[in-house]
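Visitor: Supplied in C-alpha cells, the structure appears directly below.
The values are calculated or read from the model by the stated rules, or taken from the named source; none is laboratory data. None of the values given here were measured: they were computed from a predicted structure. Cβ placement follows ideal geometry from the backbone for every residue including glycine, while neighbour counts extend to all protein chains displayed.
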Amino acid sequence: MPCPLTLLPCPQHLELTGGTVSLPETGHIALRVPRDADLEPTVRRIHAALERHAGLRWPREDRGPAALTITWDERIPSDQGYRLAVTDEGIEIAAGGAPGAFYAAATLAQLLQTHGRTLPALVIDDWPDFPVRGVMLDISRDKVPTMDTLFALVDKLAGWKINQFQLYTEHTFAYRDHREVWEHASPMTAEQIRALDAYCRERFVELVPNQNSFGHMHRWFEHERYRFMAETDGPFPAPWGEMLPPFSLSPAVPESLTFLAGLYAELLPNFTSKLFNVGCDETFDLGLGRSRALVEARGKGRVYLDFLLSIYRLVQEHGRTMQFWGDIINQYPDLVPEVPKDAIALEWGYEADHDFEGKTRLFAESGVPFYVCPGTSSWSSLSGRTDNCIANIRSAAAHGLDNGARGLLNTDWGDHGHWQPLPVSYLGYAFGAAVSWAYATNTDLDLPLALDTFAFEDEARIMGRLAYDLGNIYQYPARPGNLLFNIYRVPLKPELRADEGLRARLHEALAAIDAIVAPLDRARMAVPDADLIRREYAHIARMLRHGAKRALLQMGDGRLSRQDMAAELDAIMQEHRAVWLARNRPGGLDDSTARMERARQLYTGE
C-alpha cells in the first residue's frame, strides 16, 4: 500500500488523523526515560532538524508540558520500533529502546523537511522487517573515501535507518608490518577506524570489520615475501576466460593461517562490533596449485570448508561472530550443514534473476544463519543499472523475508577502476534501506521523488528523475548488456561491427543521454555538495557519450576521428582525477586512470 506522505523509508503503518499542527515558537523537549544519555544522539538530530527546517530552538527540559516528549514503551516488541504521534497536544515519541527513539527522530526530521513548521496530524507505528539493514562499500578497487566523505555517508544512511556499515578491504588497512602492500593505497589507519566506529555508534550504526581472507589476495601476492602463500605461482584462467594473477591463499601452506592471525590481532581491536566479515569468496584458483593434492584426495568443497573452519576458529579466539560470503560453500549442498550455527553466511547475487529463493532456502534448511546481499548495480556501469538494481534488491528482500534472513547487506563495489561517482549509488542505497525496513510499504516506492527529497534535496525535482533515467542507459545498446562501460575495456566484437541494429541503438543512446542531462543545470539542490554532484553527473554523461562514440568509431563511422577521440578521452581523464579527489584519497587514482590510458591505445595504435 503506497505511503500517503513522502518518507524514506515509508513506515509500516501511518494514519493521517486529520488536519495540521502548527509547532509553537517556544517549547521544550522532555525525556521521560531512566537514562538521558541514551538519547543524546536522538536529541541532537531533533534539534538540528527543528532549527534547519522550522527555525525553532526548543531546549531540553523535564518540567512542565512539553512540545515534544520521548518515553519508553515496553509494549513495543523491538528496541528499534517506535510510535510517533503529532497532535494538538504536541509531538509524542514512544520507543522500544534507544535505537527506536533515534529512528523516530529520523522520521520526524523528514516530516520537518517536507512540511516545515506545520505538520500533518498523524500516528505512525513502525518497526523493521530485517533486524540488520546494512551497506558495504568497496574501498579496495581502487577508491578509498576521505573521512569527511565517510562521515557524510554514514549520516545519510543513518537517516534512512541503515544500522550496519562495512568497508570491503583487501589491502587498504594500514597494517604496521605490511607497508609495501598499502603504501600507495591511502589506506584506512587504526586511528581513523576508531574515529569512524565512534561516529557510527552515535548514529546506531554498527561498523563491522571486513578483511578478505582467502580469495582476492592478489594485491598481497604482488610482493615477493607473500608469494609463497599463494595457491598458484602464475596466472590462471578465471571461469569467464580472463587470466588472473595469483589470487587465493593456499590452504596447503601452514603459514597462511599464521598470517591471517596476525592481521586479525591488529585489525579487530579497533572495532567495537562483535561481528567480523572474513570474505572467503571467489576462490577461483583453489586446487590449481599448492593444494592440488589435497583437493584430489579430499575434494575441493571439503578443502574449502576445512580452511573456512580454521578461519572460524581464529575469529572465535577474538570473541567475534564470523560472517563469510556464501558463494563457494553453497556449491556443495551436502557440506552446508557443517557450517557452524553461530557463523553468518552472506548470500550474494547482483543480477535481477539471481536465485535468492533457492540459495537462501539451502542455508535456512541447514540451520545456518544468513543475510541476503544484493547490490547497487552501480559498478562497471558509470551511471548505474536502475531496473536491474531495483529488481535485484526487491528479490533479495522478498526471499530473505520468506526464508528467515537475519539481515540485508546491500553491496556497492568498485570493479574495473571504480569509475562511478558516489551519488550514482544513492538510488541503490535508498531502495535497499526502504525495502529492508518495511518491504510491503516500500516495494513500489517512488524512487525519483525520494531521491529528490532526501538524497539531493532538489526543489526543482530534476536530479531524482535524472539519476533514475541515466541509470537505465545501459539498456539502450543491448539488453541487458553494459556496452557503454565495457567498450572502454574490450574492443567491439567483430560480429557487432556490422550490426546495423546496434548502430541505430547507439545513436538512440546518444540522443537519450543528451535529453536526460539537459535539465541538469536547472536542478536546485540544497545539499552542501550540490555543485560537485552536478559536476559528477556531467562527467559520467560525457563518459557515456564517449563510450557510444567509441563503439561507432569501431563500426567505421567516418564522422569520428581518432585524434579528436583521443583529445576527448584526455579531457575525460583530467576530469576523472578532479572529481575523484573531491571525495576520495589519492591512493588508487593512478591505477584507476591507467585503465583509461589503456583505452586510449585504440586511438593512438600504441
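Visitor: Can you tell me which residue is modelled with the lowest pLDDT among those in the range 480-494 that are outside any helix (DSSP H, G or I) and over 19 Å from LEU427 (Cβ atoms)?
Guide: This residue is GLY481.
Visitor: Pairs under 8 Å by beta carbon, first residue of a type in the set (Ser, Thr, Tyr) in the range 24-42, partner in a helix (DSSP H, G or I), six or more apart or different chains?
Guide: Note: pairs meeting the criteria are THR42/ALA98; THR42/ALA101; THR42/PHE102; THR42/ALA104; THR42/ALA105.
Visitor: A further question follows. The conditions are (1) surrounded by fewer than 21 Cβ atoms within 10 Å (Cβ to Cβ); (2) under 30 Å from THR258 (Cα atoms), and VAL208 fails exactly one of them. Which is it?
Guide: Going through (1) surrounded by fewer than 21 Cβ atoms within 10 Å (Cβ to Cβ); (2) under 30 Å from THR258 (Cα atoms) one by one, VAL208 breaks only (1).
Visitor: Same structure, new question: Of everything in the range 499-518, what is closer than 18 Å to GLU536 by Cα and either acidic (Asp, Glu) or touching a strand residue (DSSP E or B) at 6+ places or on another chain (Cβ under 6 Å) (or both)? Give them in sequence order.
Guide: ASP514 - this is the single residue of the range 499-518 that is closer than 18 Å to GLU536 by Cα and either acidic (Asp, Glu) or touching a strand residue (DSSP E or B) at 6+ places or on another chain (Cβ under 6 Å) (or both).
Visitor: In addition: Within the group SER256, SER273, which residue is surrounded by 14 or more Cβ atoms within 10 Å (Cβ to Cβ), touching a strand residue (DSSP E or B) at 6+ places or on another chain (Cβ under 9 Å), of a type in the set (S, T, N, Q) and not in a helix (DSSP H, G or I)?
Guide: SER273
Visitor: Being in a helix (DSSP H, G or I), in the same structural domain as VAL278 (by TED's automatic domain parsing), in contact (Cβ under 8 Å) with a residue 12 or more places away in the chain and surrounded by fewer than 19 Cβ atoms within 10 Å (Cβ to Cβ), is that true of even one residue in the range 322-330?
Guide: Step one: list which residues in the range 322-330 are in a helix (DSSP H, G or I), which gives 329-330.
Going one step further and asking which of them are in the same structural domain as VAL278 (by TED's automatic domain parsing), we end up with 329-330.
Narrowing further to those that are in contact (Cβ under 8 Å) with a residue 12 or more places away in the chain: 329-330.
Add one more test, that the residue is surrounded by fewer than 19 Cβ atoms within 10 Å (Cβ to Cβ), and what stays is none.
Scanning the range 322-330, I find no residue that is in a helix (DSSP H, G or I), in the same structural domain as VAL278 (by TED's automatic domain parsing), in contact (Cβ under 8 Å) with a residue 12 or more places away in the chain and surrounded by fewer than 19 Cβ atoms within 10 Å (Cβ to Cβ), so the answer is no.
Visitor: Taking the range 482-513 only, how many residues are among the polar types (S, T, N, Q) and either crowded, with 19+ Cβ neighbours inside 10 Å or closer than 12 Å to GLY384 by Cα (or both)?
Guide: Going through the range 482-513 one residue at a time, the tally reaches 1.
Visitor: For the range 578-599, check the following and say yes or no: at least one residue is among the basic types (Lys, Arg), within 21 Å of LEU502 (Cβ to Cβ) and either without any contact (Cβ under 8 Å) to a residue 60 or more places away in the chain or not in a helix (DSSP H, G or I) (or both). Show your work before the answer.
Guide: Residues of the range 578-599 that are among the basic types (Lys, Arg), as a first pass: 583, 585, 595, 598.
Still in the list and also within 21 Å of LEU502 (Cβ to Cβ): none.
So far as the range 578-599 goes, no, none of its residues is among the basic types (Lys, Arg), within 21 Å of LEU502 (Cβ to Cβ) and either without any contact (Cβ under 8 Å) to a residue 60 or more places away in the chain or not in a helix (DSSP H, G or I) (or both).
Visitor: In addition: How many residues does the range 459-496 hold that are under 23 Å from the mean Cα position of the chain (by Cα), more than 23 Å from ARG598 (Cα to Cα) and of a type in the set (Phe, Trp, Tyr)?
Guide: So the answer is 1.
Visitor: Taking into account only those residues within the range 141-171 that are buried (at least 23 other Cβ atoms within 10 Å of the Cβ) and of a type in the set (D, E, K, R), which is nearest to ALA438 (Cα to Cα)?
Guide: LYS161
Visitor: Limited to the range 33-70, what total is found for residues that are farther than 20 Å from GLU15 by Cβ and hydroxyl-bearing (Ser, Thr, Tyr)?
Guide: So the count comes out to 1.
Visitor: Considering only the range 495-528, how many residues are of a type outside the set (Asp, Glu) and assigned to a helix (DSSP H, G or I)? So that I can check it myself, show each step before the final result.
Guide: Keep residues of the range 495-528 that are of a type outside the set (Asp, Glu), which gives 496-498, 501-507, 509-513, 515-520, 522-528.
Those left that are additionally assigned to a helix (DSSP H, G or I): 496-497, 501-507, 509-513, 515-517, 520, 522.
Within the range 495-528, residues that are of a type outside the set (Asp, Glu) and assigned to a helix (DSSP H, G or I) number 19.
Visitor: Okay, moving on. Look through LEU56, LEU84, LEU137, LEU68 and report the one residue that is under 30 Å from GLY279 (Cβ atoms) and modelled with pLDDT of 95 or more. Before the answer, list the steps.
Guide: Values: LEU56 fails: under 30 Å from GLY279 (Cβ atoms); LEU84 fails: under 30 Å from GLY279 (Cβ atoms); LEU68 fails: under 30 Å from GLY279 (Cβ atoms).
Only one candidate qualifies: LEU137.
Visitor: Now, a different point. Pick from the range 418-458 the residues that are acidic (Asp, Glu) and under 12 Å from THR6 (Cα atoms): which of them is surrounded by the most Cβ atoms within 10 Å (Cβ to Cβ)? Please lay out each step first, then the result.
Guide: Quick first cut of the range 418-458, residues acidic (Asp, Glu) only: 444, 446, 452, 457-458.
Still in the running and under 12 Å from THR6 (Cα atoms): 446, 452.
Numbers: ASP446: 15, ASP452: 25.
Result: ASP452.
Visitor: Hey, does the range 215-231 have a residue that's within 21 Å of the chain's Cα centre (by Cα), at pLDDT 95 or above and surrounded by 21 or more Cβ atoms within 10 Å (Cβ to Cβ)?
Guide: Yes: the range 215-231 contains one or more residues that are within 21 Å of the chain's Cα centre (by Cα), at pLDDT 95 or above and surrounded by 21 or more Cβ atoms within 10 Å (Cβ to Cβ).
Visitor: A follow-up question, please. Name the single residue, out of those in the range 363-385 being surrounded by 24 or more Cβ atoms within 10 Å (Cβ to Cβ) and of a type in the set (Ser, Thr, Tyr), that is modelled with the lowest pLDDT.
Guide: My answer is SER381.
Visitor: Could I ask something else about it? So is ALA548 in a helix (DSSP H, G or I), surrounded by fewer than 18 Cβ atoms within 10 Å (Cβ to Cβ) and either out of contact with any Asp or Glu (no Cβ under 7 Å at 6 or more places or on another chain) or not assigned by TED's automatic domain parsing to the domain that holds HIS171 (or both) or not? Talk me through it step by step, then tell me what you get.
Guide: Numbers: in a helix (DSSP H, G or I): yes; surrounded by fewer than 18 Cβ atoms within 10 Å (Cβ to Cβ): no; either out of contact with any Asp or Glu (no Cβ under 7 Å at 6 or more places or on another chain) or not assigned by TED's automatic domain parsing to the domain that holds HIS171 (or both): yes.
When the stated conditions are applied, ALA548 does not pass them.
Visitor: Those residues that are touching a residue at least 24 places away in the same chain (Cβ under 8 Å) and surrounded by fewer than 21 Cβ atoms within 10 Å (Cβ to Cβ), I need them from the range 469-481; list them, please.
Guide: Scanning the range 469-481 gives ASP469, ASN472, GLN475, ALA478, PRO480.
Visitor: Does the range 531-556 hold any residues that are without any contact (Cβ under 8 Å) to a residue 40 or more places away in the chain and more than 18 Å from MET596 (Cβ to Cβ), and which are they?
Guide: Result: ASP531, ARG534.
Visitor: So, VAL303, is that one out of contact with any Phe, Trp or Tyr (no Cβ under 9 Å at 6 or more places or on another chain) and either surrounded by fewer than 20 Cβ atoms within 10 Å (Cβ to Cβ) or under 26 Å from ASP355 (Cβ atoms) (or both) or not?
Guide: Numbers: out of contact with any Phe, Trp or Tyr (no Cβ under 9 Å at 6 or more places or on another chain): yes; either surrounded by fewer than 20 Cβ atoms within 10 Å (Cβ to Cβ) or under 26 Å from ASP355 (Cβ atoms) (or both): yes.
When the stated conditions are applied, VAL303 passes them.
Visitor: Another question, then. Going by what's in this entry, would LEU308 be described as surrounded by fewer than 24 Cβ atoms within 10 Å (Cβ to Cβ), over 17 Å from the mean Cα position of the chain (by Cα) and either at pLDDT 95 or above or in a helix (DSSP H, G or I) (or both)? Give the steps one after another, and end with the answer.
Guide: On the way: surrounded by fewer than 24 Cβ atoms within 10 Å (Cβ to Cβ): no; over 17 Å from the mean Cα position of the chain (by Cα): yes; either at pLDDT 95 or above or in a helix (DSSP H, G or I) (or both): yes.
Answer is no for this residue.
Visitor: For the structure I just gave you, tell me whether SER425 is in contact (Cβ under 8 Å) with a residue 40 or more places away in the chain and assigned to a loop (DSSP other than H, G, I, E, B).
Guide: No, not satisfied.
Visitor: Taking the options THR71, THR42, THR17, name whichever one is closer than 30 Å to ASP444 by Cα, β-branched (Val, Ile, Thr) and assigned to a strand (DSSP E or B).
Guide: THR17
Visitor: Does any residue of the range 516-529 turn out to be crowded, with 16+ Cβ neighbours inside 10 Å, within 15 Å of LEU382 (Cβ to Cβ), at pLDDT 95 or above and not acidic (Asp, Glu)?
Guide: yes
Visitor: All but one of (1) within 29 Å of ILE393 (Cβ to Cβ); (2) surrounded by fewer than 16 Cβ atoms within 10 Å (Cβ to Cβ) hold for GLU74, so report the exception by its number.
Guide: With respect to (1) within 29 Å of ILE393 (Cβ to Cβ); (2) surrounded by fewer than 16 Cβ atoms within 10 Å (Cβ to Cβ), GLU74 is out only on (1).
Visitor: Hey, PRO239 hits all of (1) in a loop (DSSP other than H, G, I, E, B); (2) of a type outside the set (D, E, K, R); (3) touching a Ser or Thr at 6+ places or on another chain (Cβ under 8 Å) but one; which does it fall short on?
Guide: (3)
Visitor: Could you tell me which of the residues LEU445, LEU451 is over 23 Å from VAL205 (Cα atoms), of a type in the set (A, V, I, L, M) and either part of a helix (DSSP H, G or I) or over 14 Å from the mean Cα position of the chain (by Cα) (or both)?
Guide: LEU445
Visitor: On the basis of being modelled with pLDDT of 95 or more and within 22 Å of the chain's Cα centre (by Cα), does GLY90 make the cut?
Guide: Working: modelled with pLDDT of 95 or more: yes; within 22 Å of the chain's Cα centre (by Cα): no.
No, not satisfied.
Visitor: Based on this model, can you work out whether GLY55 counts as surrounded by 18 or more Cβ atoms within 10 Å (Cβ to Cβ) and in the same structural domain as HIS115 (by TED's automatic domain parsing)? Show your work before the answer.
Guide: On the way: surrounded by 18 or more Cβ atoms within 10 Å (Cβ to Cβ): no; in the same structural domain as HIS115 (by TED's automatic domain parsing): yes.
The answer is no for GLY55.
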